[in-house]
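The values are calculated or read from the model by the stated rules, or taken from the named source; none is laboratory data. Computed from a prediction, not measured in an experiment: that's the story for all the values here. Cβ atoms come from the backbone with ideal geometry, glycine included; neighbour counts cover every protein chain shown. Accessible surface areas use protein heavy atoms only, side chains included; no ligands, DNA or RNA. Shrake-Rupley method; radii C 1.70, N 1.55, O 1.52, S 1.80 Å.
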Amino acid sequence: NSAWLTPEPHEARTLASRHQHEWHDALQTCAAWLADEPFSVRPALMGSYLGFRPEHTSMAEQFATAGLRCDNSNFMLLNNRAVARAYQGKIKEAYSDVSAALQYRDARNDAHLIATLGLIAYRSGQPELGRSYYGSSIAWFKHLKDRTSIFSAILHQLREEIRHNSSSIDLAIDMARRVKQSPFVVGRPELVGLADLVLQEASELLENQS
């Protein structure tokens, strides 16, 4: 396979694992890629994006931090680190990253930041505020016709909603299944992975209720 013969084998292996939904392997090879290219933000961005599962959020934060050492004004690295920190309960630090990212605003960036503020609100015990932020973010993404970000925001919100409102579990399962069946997610492994995570966490919550 010619992919293994490229000058950046760690990048090729990261992408291969990503497409196979092997998230741990993808992060491990991405770390090797970053070690090979410590002054490139590309492996840092990839790692901070791939670490969406609960067991990987600390790694996602580390990837983003490494990338910000090279480019401290990179909006997506700041936003991705804010997300990773919010998932770890580092609310103050997450807000700090959002504040820094506000310096690099445009319409698309604002929509991402509003979604991140929704996550922070949920993780701060303010689900009503979280719903408001996510609703605004999804509406903005619809205006921008950014379907990938619409799906991503919905799935991230579903993860939060089922933690705060058990009556939403059945709806979350139905929506996650519909996302997985959508032709749109073909070639977008993170969306499939997020949908799988919603289904996993919803199933675990149902088991705990029984």
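Here is how the numbers come out for the structure above:
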item: Carbon + sulfur, % of accessible area of the chain - ligands and nucleic acids excluded, 1.4 Å; result: 51 percent
item: The range 11-49: chymotrypsin sites (Phe, Trp or Tyr not before Pro) falling in loop per DSSP and having at most 16 other Cβ within 10 Å; result: PHE39
item: Chain lengthening between ALA139 and ASP174 when straightened (0.36 nm per residue, less Cα-Cα); result: 10.5 nm
item: Per residue, the convex hull volume that the Cα atoms of the chain enclose (Å³); result: 124 Å³
item: Positive dipole terminus of the chain, leading residue within GLN200, ALA12, LEU117 (C-beta point charges); result: LEU117
item: Alpha-carbon centroid distance for the pair the range 16-65 / the range 141-210, whole angstrom; result: 22 Å
item: Solvent-accessible area per residue for the chain (1.4 angstrom probe, square angstrom); result: 49 Å²
item: The range 40-86, Cα convex hull volume normalised per residue, Å³; result: 50 Å³
